[in-house]
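Throughout, read-outs are computed from the coordinates displayed, never taken from laboratory work. Bear in mind that the values here come from a model prediction, so they are computed numbers and not experimental data. For neighbour counting, all protein chains shown are included, and Cβ atoms are generated from backbone atoms with ideal geometry for every residue, glycine included.
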Amino acid sequence: MKHLLKLMDLGAKEITDLLNLADQLKFERKNGIEHPHLKGKTLGMIFTKASTRTRVSFEVGMYQLGGNALFLSGADMQIGRGEPAEDTARVLSKYLDGIMIRTFKQEEVEKLAAFGTIPVINGLTDYCHPCQVLADLMTIREFLGSFRGKKVCYVGDGNNMANSLIAGCIKMGMDIAIACPKGYEPDPELVKWGHEQGKLTITDDIKAAAENASVMYTDVWASMGQEAEREKRMKDFGGFCIDSTLMKYAAKNAIVLHCLPAHRGEEISAEILEAHAKEIFEQAENRLHAQKAVMVELMADKKI
Ligand code: CP
Ligand code: NVA
């Protein structure tokens, strides 16, 4: 593994190894065992979109690993004024040991990786959110014990989260049902791949999607960059909500996950969010451990 650009680039074994390392780092952290595997290394974090979890968990994670993290606002960098990603990548490779980037186009992330000489980690694009889904998989395994035979139901927009969940859940052997309004389906290539694996259902029937699911998952109806569509989306997504009525169709003891930030009363009811706060905020915590595993795997001098 040289970069983390999207989950489709990883095999099941690579994902499992990352999750095992994340569990180990979490255990060490909880037990006061220091792990300065990235001592003296610097991660540059480029953000052209807002963030709470990604920014803080990467920065703290790097600190806990003995390294340093630099917050680089895309708007304040020359890349925000049109300097090509090809040049930015080659310059940053001279100073840094790794780059984490959150931006709009997946292409920009792929270009940084192609032209630089240091690992690039995708911290969210319009296409996917691989760091989030590694933390989600870690959380699912933590709460349910294993992936085998489990069904995940995702309710809402066929966006970056839906795309990464299709890749991550199917690679780990789970079934996934996506319930979205017509016209808001996930990436067509991923949908084709999911169907070929025989593990994916796409439907606009939320109850059918929730039937017997062990994991109920949702994300916002309007993602960052879609602010102008918000009004139309509020109408189109009406009813695509995880609430107590929908939870009746899920498996007994199903967990509820949300990548956050959440919009109570839209994609999730306040009641269900609070009832499942235990797993939702553990999921947020697991961003830290999962990303530390990614950084160790990509940036440490020797295998851990
Ligand atoms: N889930 C997530 O990526 O959160 P932030 O946008 O706060 O980083
Ligand atoms: N789909 C959301 C995820 C936020 C973590 C967005 O892109 O805004």
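Pairs meeting the criteria (first residue in the range 132-153 and closer than 11 Å to residue 254 by Cβ, second residue of a type in the set (Asp, Glu) and within 16 Å of ligand 1 (Cβ to nearest atom), beta carbons under 7 Å, at least 6 apart or on different chains) are 143/279. Residue 231 versus (1) under 19 Å from residue 281 (Cβ atoms); (2) among the acidic types (Asp, Glu); (3) more than 16 Å from ligand 2 (Cβ to nearest atom): which is the lone unmet condition? Every condition holds for residue 231 apart from (1). Residue check: is residue 49 among the charged types (D, E, K, R) and within 16 Å of ligand 2 (Cβ to nearest atom)? In short, yes. Under the condition of being surrounded by fewer than 23 Cβ atoms within 10 Å (Cβ to Cβ), assigned to a helix (DSSP H, G or I) and in contact (Cβ under 8 Å) with a residue 60 or more places away in the chain, the residues counted in the range 157-192 number 1.
Restricting attention to the range 276-304, the residues that are more than 16 Å from ligand 2 (Cβ to nearest atom), farther than 11 Å from residue 22 by Cα and either acidic (Asp, Glu) or in contact with a helix residue (DSSP H, G or I) (Cβ under 8 Å, 6 or more places away or on another chain) (or both) add up to 4.
State the number of residues belonging to the range 1-53 that are within 30 Å of residue 170 (Cβ to Cβ) and loosely packed, with under 12 Cβ neighbours inside 10 Å. Residues in the range 1-53 being within 30 Å of residue 170 (Cβ to Cβ) and loosely packed, with under 12 Cβ neighbours inside 10 Å: 6 in total. The listed residues are 194, 225, 158, and the only one of them that is within 16 Å of ligand 2 (Cβ to nearest atom), touching a Pro at 6+ places or on another chain (Cβ under 9 Å) and under 22 Å from residue 5 (Cβ atoms) turns out to be 158.
Is it true that residue 22 is touching a helix residue (DSSP H, G or I) at 6+ places or on another chain (Cβ under 8 Å) and either within 20 Å of residue 164 (Cβ to Cβ) or in a loop (DSSP other than H, G, I, E, B) (or both)? Considered against the rule, which asks whether it is touching a helix residue (DSSP H, G or I) at 6+ places or on another chain (Cβ under 8 Å) and either within 20 Å of residue 164 (Cβ to Cβ) or in a loop (DSSP other than H, G, I, E, B) (or both), residue 22 comes out as yes. When the residues of the range 251-275 are filtered to those that are within 16 Å of ligand 2 (Cβ to nearest atom) and free of Cβ contacts under 8 Å to residues at least 24 places away in the same chain, the one that is surrounded by the fewest Cβ atoms within 10 Å (Cβ to Cβ) is 264. Restricting the range 146-165 to residues that are touching a Lys or Arg at 6+ places or on another chain (Cβ under 9 Å) and more than 17 Å from residue 204 (Cβ to Cβ), the residue that is farthest from ligand 1 (Cβ to nearest atom) is 147. Annotation: of all residues in the range 32-63 being assigned to a strand (DSSP E or B) and under 21 Å from residue 133 (Cβ atoms), the one that is nearest to ligand 1 (Cβ to nearest atom) is 47.
Only residues that are hydrophobic (A, V, I, L, M, F, W, C) and crowded, with 21+ Cβ neighbours inside 10 Å were counted across the range 289-304, and they come to 6.
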